[in-house]
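Peer 1: Please read through the structure below; I'll follow up with questions.
The values are calculated or read from the model by the stated rules, or taken from the named source; none is laboratory data. Bear in mind that the values here come from a model prediction, so they are computed numbers and not experimental data. Counting neighbours? That spans all protein chains shown, and the Cβs are built from the backbone with ideal geometry, glycine included. What goes into the accessible areas is simple: the full protein's heavy atoms, side chains included, and nothing from ligands, DNA or RNA. Shrake-Rupley method; radii C 1.70, N 1.55, O 1.52, S 1.80 Å.
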Amino acid sequence: MNDLLLDVREVSKTFVRGRLLSREKIVAVNKVSLQLAARRPEILAIIGESGSGKTTLARMILNMETPTSGRLLLDGTDLATINGSAGRLAFMHRVQPIFQNPFESFNPLKRVERYLLMTRLRFAGTAGGSTTAEAVDAALHKVGLSLREVSGRHPHELSGGQLQRVAIARALLAEPKLIVADEPVSMIDASLRMSIVNLFRTLRDELGISIIYVTHDLATAYYISDRIMIMQKGSVVESGDARDVLKAPRHPYTYQLREAVLLPEVANVSANATSSMNGLISPGTPERRA
Amino acid sequence: MLASVAQPHGDQDVQPLLVVRDLQAYYRTSHAGVRRGIRAVDGVSFTVRRGEIYGLAGESSSGKTTLIKSIAGAIKPPLEIVGGSMEFAFLPGYGGLHRAPRAMVERIRWRHLSYIMQGSMNVLNPVRRIGSSFIDFAYPHIGGSRKQFEQQVVAHLARVRLDPSVLSAFPHELSGGMRQRATLALATICRPGFIIADEPTTALDVVVQKEVLGMIRGIQRETGSSVLFVTHDMGVHAHITDRLAIMYAGRLVEEAATAEIFGNPLHPYTKNLISSLPRIGEDAPRTGLGGAPPNLADPPSGCRFHPRCPLASEICSRKVPVMREARSGHRVACFAVNGDDPA
Amino acid sequence: MVVFLRDLLRYRAEFRIGLVLVAIVLVLSMLASFSPYPPDSVYVVPPDLPPSSTYWFGTTSRGQDVFWQVSFAIRNTLLFGGTVALVSRLLALAVGLISGYKGGWIDRALMSVNDTFIVIPLLPILVLFYFVMRDRISWLMLALIMACFGWAYDARLIRSVVMSLRHREFTQTSLFSGMSTWQILTEEHLPYVVPILFSTTMNNMVWSIGLEVTLAVLGFTDINTPTIGGMIYWANQHTAMVAGIWWWIAFPTIAVIMAFIGLFLLAVSVNAHIDPRSRLWSTGEAS
C-alpha cells in the first residue's frame, strides 16, 4: 500500500508555438511538485490567473497531457507507463474530471443519462448486487438529484447547476479516489453556486474523495479548501494551509491577488476606487498573453 | 451619506437620462411548427439618472442581456418589443432607439451613446489597427483637423494608461486587459452622455479587472456620463455602482442605492444572493438556493421567485407583486415585504 | 424520421420541388423493368419517328424507342452515381473520422494521401484507364475508380468537424465514461457528421453523373450499356441534330438535368434543415 495517492515530482510542460522560423517556447508549467496523502482526503485548491499554467497542470494530472519533464505517480504508478485500454480504464477508475462548462460537458444531441449508465457499466466494481439503474440513481441521490428527474433529458433541458451535479454524479460512478475539477462553478449561477461548492465538501467528508479544485476565485477556494497552491506564470509561488496563506500572504503576488478580490459589500461609499489602484500595475506594461 | 448617493448631483429636477417604462421584450419563435414565446423581459421599469452608474444584476436566465439589447436598439427577430417604452433624454419622443430613424441613430451612436462589451473583439475590428478604429468611429463625431484629433486620442489614452504605441497595434497583439482599456477609451472619447457596459470585466483576470473598473469610474466621474452597468458579479457591483437593480426571471425584484442593497437587502432572493457569497476570513457555512431558475418559456405564476422562496405564502403563486417603495429610494417587489396591498 | 421529413416537406419549398423532380426521374428509371424491348437490341421499331402517341419520345435512327432508352439510361446513370457516392462516402467517413480524432502522425499520413488525391487531375487519369483497359472497363469498375477520386475533399471536411469536436469537453466526458474510440466516433461524433454526409452525397452524385456523361459523350466508356451519356454518344454518331432527330438528344438531356436540379435542391434543403445548430436553436436563448 502506497502512502501517497498522488505524487507530482517536478513536472514541467513546454509548448512550442509557431513554425520552423519563428519558434517560440512557452513554459506553461515549470517544475511543480505536489503530493496528496492516500489516507487523508483533502481539498487542494490550485489558484492562478489565466496563463498561470493551472489548467495545464490539471490536464497533466488527468493524463490528458504528457509532461515535458518530471514524473506523475498515482498510487505509485507512473502515468507515463499507462497504455492500452485496460490501463487507461484502471486510471480513470481512480481519477475523474469535472469540467468548467456544464453545458459543454455532455453532448447536446444525446441524453445525459447515457454517460451515467456508460460509466457504471465500464467501472462497475466493488458495489455489485445492485443493477445499473439503481447504482445510477444512488449516485444521483448523493448530489441531490434522482434518475427520475434526469432520465430522458437532453442537456439543454437542465439548468447549469443540475448539469454540474450530473457531471459530479457521473464521476462518482467510477468510484474514484481523486476528482480534478477545473473551474467547476465559474459558469454556475450565483444562487446555485454554493450548493455545488458545499457538495465537494460532502464528497471529501463522506466518501473520502480527494479533490483538486482549480480556480481563479480566492473566496470560494478559501471557503472549501484545506490547502492551496498559488501559481504564477507556470511556477508555484506560495502554498500551504488555505487559511494561513490567505489570511497572511507571504508572497507579494498572493497579496496582490487577495487585494484584488472585490468584496460583496460597500465599505465606504465615497471612497474612489481609482486612487486605491494606482501603482498596482505599471502603465503600459503589456501583460503576457497566454 | 445615503441621500448623497441617491442623488449624486443633488438636482432631482433635471430630466433623467433614461426612463424605461413597463418594458416587455419577448422572443417569439416558430421552429418546425412549434410556436414559443419566451418572456425574457416582462414589465421592467426603471430610471437612470444623470451622472450615475446604474447597476443591473441577474443570473444567466434573468433577461438582463435581453434588456440591454432592447435598450441598445439591437432588436432582431425573434426578439420583439411587445410593450412599454424607453425614453432617452437625447432622443425625446421616440420611445426607444429601435423606433428612431436610422440616420438619427447613426448620429447618436458614439456621440451620445456608446458600449463597452465583454468581448472587446466585437468593437475592435481584428484586421484593423486600433488607431483606425478610433478614426472610423470617433473622428466623424469629433471633427476638426486630423492632427488635433490624434492629439486628443493620445491624451485620452493616457487616461486609461495606454501608451500611444497601441494605436499602431492590431487588437490580437494586445493583452485582454489592454484591449478592454482601448475599448473603454474608444467608448468614452466622444464623452457620450450614456454608456452601456455589458459584463465589461468578466473575461479579465482579477487584478486587471479591478484596475479597469477603477478607470471606468474615473472617466465617468470626469465626464459626468451615466453608465448602465450589467454584470452577474455582485462584488463588481459593490465596487462600482451607485444604484443597483436586481433582476430575476425577466422582472426587477429590488432596486436601491448600492450600499442600501448590500447593507439592508429586503427581497429574499437578494438576501440569499448576498449572504451566500463566501468571503476570505469568514468560515461560516454558506447555503445556495434550492431549485433552479425558471424556464422563461413557461414561468411560474404570480411571483416568479415563489417556488424557490423561503417566505412564500399562498398569495405569491396567485398575484404578481409590483415594485413598491418600501423605504425612501428602495423599491422591492415582494408580498412578504410590502404586504398584500389590494391597490 | 417521419417528423423530420414532414417538417422538411412543410417548411422548405426547395425540398418539395427537389423531391418532385427526383421522384419523376426515379419513376422513369423504374419503368425500365417493364420495357417491351431489351435495351441493347436495335431496329425493334421503325427508325427516325418523331414523338407521337405510339412512341412518346420518338424513335432513334437505330430503331430504338427513345422513351424506353431514356428509362434504361437514367436507371444506369443513377445506379452509377449512387455507387460512386456510397463507396466514396464510406472512404471519406473512415478517413475523416480517424484522421480528425486520432491526430498526430496518423493524421499527417492520411492527410498526405488525401491531398495527393485532391491534386491529381481526374479526367486524364480516366482517359488513361480507358486506353489501357479498352473494352474490359465495365461501369462498375469506372464507378470504383471515380469513388477513389471523389472522397478526398469531403474527408477533409469531416476531419475538420471531428477535430473541433475532439477538443470539446463532452468528448473528454465520453472518454472518462470509459467509452472506446469506436463508440466515441460512431455515437458521439457521427451525428454531427451526418449533415455533411447527406449534402455531399447529393453533390457527389451530381459530380459523378456529370463526369460519366462527359466521358460517355466522348466515347470513353462502355458504350453498349445504355446511359445518358451513351445515348448522346450514339445520337452524335448518327448526326442526329443535323438530321433533325432532336428528340434523340433532347429527352435524355432533359432527364439528366431534372436529376441534377432535383438532387441539388435536396442537398441544399436537407443541409439547411439538418444542421445541428438550427436543430438546437429551437431550445431558445432567453438570457
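Peer 1: Calculate how steeply helix C:2-11 sits against the longest principal axis of the alpha-carbon atoms of chain C, using the helix alpha-carbon long axis, and give the answer as 0 to 90 degrees to the nearest 10.
Peer 2: 70
Peer 1: Which chymotrypsin sites (Phe, Trp or Tyr not before Pro) in region C:11-101 sit in a loop by DSSP (not H, G, I, E or B) and have at most 12 other Cβ atoms within 10 Å of their own Cβ?
Peer 2: C:Y43
Peer 1: Then there is this: Amide H to amide H, which residues 5 or more places from A:D217 or on other chains are under 5 Å from it, using H placed in the peptide plane?
Peer 2: none
Peer 1: For C:N271, put the label point 7 Å out on the Cα→Cβ axis and report which residues of region C:195-214 keep their amide N under 13 Å from it.
Peer 2: C:195-207
Peer 1: Please list, ordered by chain and number, the residues whose modelled amide H lies under 5 Å from the amide H of A:A38; skip anything fewer than 5 residues away on the same chain.
Peer 2: When sequence neighbours closer than 5 places are left aside, the close amide H contacts are A:L4, A:L5.
Peer 1: Measure off 7 Å from each Cα along the Cα-to-Cβ vector at C:F131 and A:D241, then give the distance between these two points in nanometres to one decimal.
Peer 2: Simple spin-label model gives 8.8 nm for this pair.
Peer 1: Given H placed 1.01 Å from N in the peptide plane, which residues other than close sequence neighbours of B:G43 have an amide H under 5 Å from its amide H?
Peer 2: Correct list: B:L23, B:Q24, B:A25.
Peer 1: Something else: With n ≥ 4 as the cut-off for DSSP H runs, can you work out [θ] at 222 nm for chain C, using -39500 (n - 2.57) per run divided by the number of residues, rounded to the nearest 500?
Peer 2: That calculation yields -24000 deg cm²/dmol at 222 nm.
Peer 1: Moving on. Let's test the formula: R0 of 25 Å, r as the Cβ-Cβ distance of A:Q35 and A:E259. What FRET efficiency results, to the nearest 0.05?
Peer 2: Between A:Q35 and A:E259 the formula returns 0.25.
Peer 1: Figure the gain on full extension for B:S301 and B:T287 (residue separation times 0.36 nm, minus the Cα-Cα span) and round it to one decimal in nm.
Peer 2: 2.5 nm
Peer 1: Could you run the Karplus curve 6.51 cos²θ - 1.76 cosθ + 1.60 with θ = phi - 60° over region A:226-241 and give me ³J(HN,Hα) per residue in whole Hz, x for Gly and Pro?
Peer 2: Ordered by residue, 3J(HN,Hα) equals 8, 9, 10, 9, 9, 10, 9, 6, x, 10, 7, 9, 7, 8, x, 4 Hz.
Peer 1: So how far, in whole Å, is the C-alpha centre of region A:230-249 from the one of region A:34-96?
Peer 2: Cα centres, region A:230-249 to region A:34-96: 20 Å.
Peer 1: How big is region A:4-262 by Rg and Dmax over its Cα atoms, in Å?
Peer 2: 18.6, 61
Peer 1: Can you pull the accessible area of A:S186 for me, 1.4 Å probe, Å² to the nearest 10?
Peer 2: Accessible area of A:S186: about 40 Å².
Peer 1: Need one word for region A:78-146: rounded, prolate or oblate. Basis is the Cα gyration tensor (sqrt eigenvalues a ≥ b ≥ c); a/c below 1.5 gives rounded, then a/b vs b/c decides.
Peer 2: Oblate shape, in that a/c is at least 1.5 and b/c is the bigger or equal ratio.
Peer 1: Rounded if a/c is under 1.5, else prolate if a/b beats b/c, else oblate: with a ≥ b ≥ c from the C-alpha gyration tensor eigenvalues square-rooted, which is region C:1-135?
Peer 2: Judged from the Cα gyration tensor, region C:1-135 comes out oblate (a/c at least 1.5, b/c at or above a/b).
Peer 1: Could you list, in their original order, any pairs among A:K31/C:K102; A:K110/A:K177; A:K54/A:K233; A:K25/C:K102; A:K13/A:K177 whose Cα atoms are separated by more than 18 Å?
Peer 2: Too far apart for the 18 Å limit: A:K31/C:K102; A:K110/A:K177; A:K25/C:K102; A:K13/A:K177.
Peer 1: For a label point 7 angstrom out from the Cα of B:I280 toward its Cβ, which stretches of region B:203-240 have the backbone nitrogen within less than 16 Å?
Peer 2: Answer for this model: B:205-211, B:235-236.
Peer 1: May I ask you to derive the FRET efficiency for B:H172 and A:N198 from their Cβ-Cβ distance with R0 = 51 Å, giving the value to the nearest 0.05?
Peer 2: Efficiency, from the Cβ-Cβ distance: 0.80.
Peer 1: Also, I was wondering about something else. Between B:R28 and C:Y37, what is the label-to-label distance in nm when each label sits 7 Å out along the Cα-to-Cβ direction?
Peer 2: That separation, rounded to one decimal, is 6.2 nm.
Peer 1: Next question. Keeping every protein chain in place, order B:S317, C:S174 by accessible area at 1.4 Å, biggest value first, i.e. largest first.
Peer 2: Result, largest first: B:S317, C:S174.
Peer 1: Shifting gears a bit: Please report the orientation-averaged projected area of region C:55-281, defined via the convex hull of its C-alpha atoms, in nm².
Peer 2: 14.9
Peer 1: Ordering B:I81, A:I179 by accessible area with a probe of 1.4 Å, largest first, what comes out?
Peer 2: B:I81, A:I179
Peer 1: Based on DSSP H runs of at least 4 residues, each adding -39500 (n - 2.57), what is the mean residue ellipticity at 222 nm of chain A after dividing by all its residues, to the nearest 500 deg cm²/dmol?
Peer 2: The per-residue figure over chain A is -10500 deg cm²/dmol.
Peer 1: Calculate how many DSSP beta bridges within chain B are antiparallel, expressed in % of all such bridges and rounded to the nearest 5.
Peer 2: 60
Peer 1: Given an 8 Å cut-off on Cα distances and at least 6 residues of separation, report the relative contact order of chain B as a percent.
Peer 2: 20
Peer 1: Just to check I understand the Karplus step: with θ = phi - 60° and J = 6.51 cos²θ - 1.76 cosθ + 1.60, what whole-Hz values come out for region B:53-66, glycine and proline as x?
Peer 2: Here the 3J(HN,Hα) series is 9, 9, x, 10, 10, x, 8, 5, 10, 7, x, 5, 5, 5 Hz.
Peer 1: Just to be sure I understand: of the beta bridges DSSP finds with both ends in the protein assembly as shown, what percent are antiparallel, rounded to 5?
Peer 2: Around 60 percent of the beta bridges assigned by DSSP in the protein assembly as shown are antiparallel ones.
Peer 1: OK, next. Please arrange B:L67, A:L109, C:L19 by accessible surface area, largest first, computed with a 1.4 Å probe and ligands excluded.
Peer 2: Solvent-accessible surface, decreasing: C:L19, A:L109, B:L67.
Peer 1: Turning to a different aspect of this structure: Just to be sure I understand: of the beta bridges DSSP finds with both ends in chain A, what percent are antiparallel, rounded to 5?
Peer 2: That works out to approximately 55 percent antiparallel.
Peer 1: Ratio to report: Rg/Rh of the protein assembly as shown, with Cα atoms as the point set and Rh obtained by the Kirkwood method; give two decimals.
Peer 2: 1.05
Peer 1: Hey, what number do you get for chain B at 222 nm if only DSSP H runs of n ≥ 4 count, each worth -39500 (n - 2.57), divided across all residues, to the nearest 500?
Peer 2: Result for chain B, helices only: -8000 deg cm²/dmol.
Peer 1: Taking a probe of 1.4 angstrom, what is the accessible area of A:D205 in Å², to the nearest 10?
Peer 2: Near enough 100 Å² of accessible area.
Peer 1: What residue among B:S133, B:S276, B:S45 shows peak mean-square fluctuation when chain B is described by a Gaussian network model with Cα springs under 10 Å?
Peer 2: Residue with maximal mean-square fluctuation among B:S133, B:S276, B:S45: B:S276.
Peer 1: Could you give me the ³J(HN,Hα) list for region A:145-158, computed from phi with Karplus coefficients 6.51, -1.76, 1.60 and θ = phi - 60°, whole Hz, x at Gly and Pro?
Peer 2: Whole-Hz 3J(HN,Hα) from phi for region A:145-158: 10, 9, 4, 4, 5, 9, 5, x, 8, 8, x, 5, 8, 10.
Peer 1: Okay, next question. Straight distance only, please: which aspartates and glutamates reach the Cα of B:K271 with their own Cα at less than 20 Å, same-chain residues fewer than 8 apart left out?
Peer 2: A:D189, A:E265, B:E59, B:D233, B:D242, B:E254, B:E255, B:E260, B:E282, B:D283, B:E325
Peer 1: Figure the gain on full extension for B:V154 and B:E314 (residue separation times 0.36 nm, minus the Cα-Cα span) and round it to one decimal in nm.
Peer 2: Stretched fully, the B:V154-B:E314 segment lengthens by 51.5 nm.
Peer 1: Any idea how far apart A:T68 and C:V119 come out in nm if each label point goes 7 Å out from Cα toward Cβ?
Peer 2: Each label point lies 7 Å from its Cα, and together they span 3.3 nm.
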